[in-house]
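These notes concern the structure reproduced below.
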Ligand code: GLU
């Protein structure tokens with residue numbers, strides 16, 4: 001199958017919808033990114049890579065960081081994590097507070113903001129230099145030492161992230177944060193501000209398609225059963241409250257972020273990343289979702 005030709009076809013077909021989405025502006029710094037950018041990359045477990053468009057350009061990974069922090073929390077805390085965070089889709093927007101009240105401060109899953117705040121709290125309790133370690137691990141996974149936080153984005157969210165601040169203090173009121181909420185928030189905003197390209201995100205998530213082994217280094221990141229758990233969570237909770245429709249259309253475990261990136265995993269075969277900053281009403285990249293749907297349709301490859 002000519003994957004490169006398929007990417008080129010997809011690029012052409014999504015072009016008309018590149019301006020249809022809305023770039024996230026609730027974090028002011030994200031609003032500066034032009035909506036018509038588009039990149040896509042594929043990396044197979046046997047070493048092939050394919051790319052199209054702006055696949056080498058770094059963007060704000062935002063909620064895709066929740067995948068990496070979850071992996072660290074699973075490594076550090078094991079099953080104890082699930083006493084504090086659930087594993088069900090929320091059916092609510094990623095930044096909603098409503099369920100927290102009647103579910104006693106236990107977030108529905110690790111991929112909504114509330115869940116990621118608890119996951120960040122867990123990491124902070126285990127590691128002295130937690131935020132730097134998150135950066136180091138992500139950099140090692142993709143083999144690029146110069147992966148960095150975008151401090152302008154982190155500061156922009158620190159200044160305007162009142163909903164996340166309310167959420168962290170609310171969770172603390174239920175006793176489900178061990179650390180100071182402001183410390184948790186600062187770490188969380190930094191994780192979200194990591195800047196990476198489609199290519200780098202493919203590399204960093206490829207172990208999820210490779211039984212938990214990072215193909216470049218040969219390092220064992222997770223056991224095969226942990227990989228099964230994480231990929232299942234991606235499929236059921238990784239793409240906001242549109243997760244059912246997304247799974248229907250794309251058919252791959254995926255994590256999206258409001259920077260317009262989406263990482264997808266085809267177990268045993270490849271990882272895939274698409275970036276287009278214009279978002280749909282749920283917060284998923286509009287052209288990115290369409291591109292992934294076209295990819296699994298044209299190749300006939302999905303987990304189903
Ligand atoms: N930093 C963003 C927030 O907390 C992440 C949201 C996202 O990408 O889903 O609102």
Of the residues 193, 197, 173, which is under 20 Å from residue 73 (Cβ atoms) and touching a residue at least 24 places away in the same chain (Cβ under 8 Å)?
193
The listed residue being within 16 Å of the ligand (Cβ to nearest atom) and over 20 Å from residue 286 (Cβ atoms), out of 233, 206:
233
Verdict on residue 147 being surrounded by fewer than 16 Cβ atoms within 10 Å (Cβ to Cβ) and touching a strand residue (DSSP E or B) at 6+ places or on another chain (Cβ under 8 Å):
no
Residues located in the stretch 43-83, provided they are within 15 Å of residue 147 (Cβ to Cβ) and within 16 Å of the ligand (Cβ to nearest atom)
58, 59, 60, 61, 62, 64, 65, 67, 68, 69
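Of everything in the stretch 11-36, what is closer than 21 Å to residue 290 by Cβ and out of contact with any strand residue (DSSP E or B) (no Cβ under 7 Å at 6 or more places or on another chain)? Give them in sequence order. Can you show your working first?
From the stretch 11-36, those closer than 21 Å to residue 290 by Cβ are 11-24, 30, 33-36; that's our starting set.
12, 13, 14, 15, 16, 17, 34, 36 - these are the residues of the stretch 11-36 that are closer than 21 Å to residue 290 by Cβ and out of contact with any strand residue (DSSP E or B) (no Cβ under 7 Å at 6 or more places or on another chain).
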Can you name the residue in the stretch 15-41 that is within 19 Å of the chain's Cα centre (by Cα), more than 16 Å from the ligand (Cβ to nearest atom) and not in a loop (DSSP other than H, G, I, E, B) and is also farthest from residue 270 (Cα to Cα) among such residues?
39
Could you tell me whether any residue of the stretch 3-14 is over 25 Å from residue 142 (Cα atoms), within 21 Å of the chain's Cα centre (by Cα) and either surrounded by 13 or more Cβ atoms within 10 Å (Cβ to Cβ) or modelled with pLDDT of 95 or more (or both)?
no
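Is the stretch 124-136 home to any residue that is part of a helix (DSSP H, G or I), free of Cβ contacts under 8 Å to residues at least 40 places away in the same chain and within 14 Å of the ligand (Cβ to nearest atom)? Give the steps one after another, and end with the answer.
Residues of the stretch 124-136 that are part of a helix (DSSP H, G or I), as a first pass: 124-126, 130-136.
With the extra rule that they be free of Cβ contacts under 8 Å to residues at least 40 places away in the same chain, the set shrinks to 132, 136.
Imposing the further condition that a residue be within 14 Å of the ligand (Cβ to nearest atom) reduces the set to none.
Checking the stretch 124-136: not a single residue is part of a helix (DSSP H, G or I), free of Cβ contacts under 8 Å to residues at least 40 places away in the same chain and within 14 Å of the ligand (Cβ to nearest atom).
When you look at residue 96, is it within 12 Å of the ligand (Cβ to nearest atom) and in contact (Cβ under 8 Å) with a residue 60 or more places away in the chain, yes or no? Write out each step before concluding.
Values: within 12 Å of the ligand (Cβ to nearest atom): yes; in contact (Cβ under 8 Å) with a residue 60 or more places away in the chain: no.
It is false that residue 96 is within 12 Å of the ligand (Cβ to nearest atom) and in contact (Cβ under 8 Å) with a residue 60 or more places away in the chain.
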Of all residues in the stretch 180-194, which are crowded, with 18+ Cβ neighbours inside 10 Å and assigned to a loop (DSSP other than H, G, I, E, B)?
193
Could you tell me whether any residue of the stretch 154-165 is more than 16 Å from the ligand (Cβ to nearest atom) and either surrounded by fewer than 18 Cβ atoms within 10 Å (Cβ to Cβ) or within 14 Å of residue 113 (Cβ to Cβ) (or both)?
no
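The values are calculated or read from the model by the stated rules, or taken from the named source; none is laboratory data. This is a predicted model, so every value here is computed, not measured. Cβ: placed from backbone, ideal geometry, glycine included. Neighbour counts: every protein chain shown.
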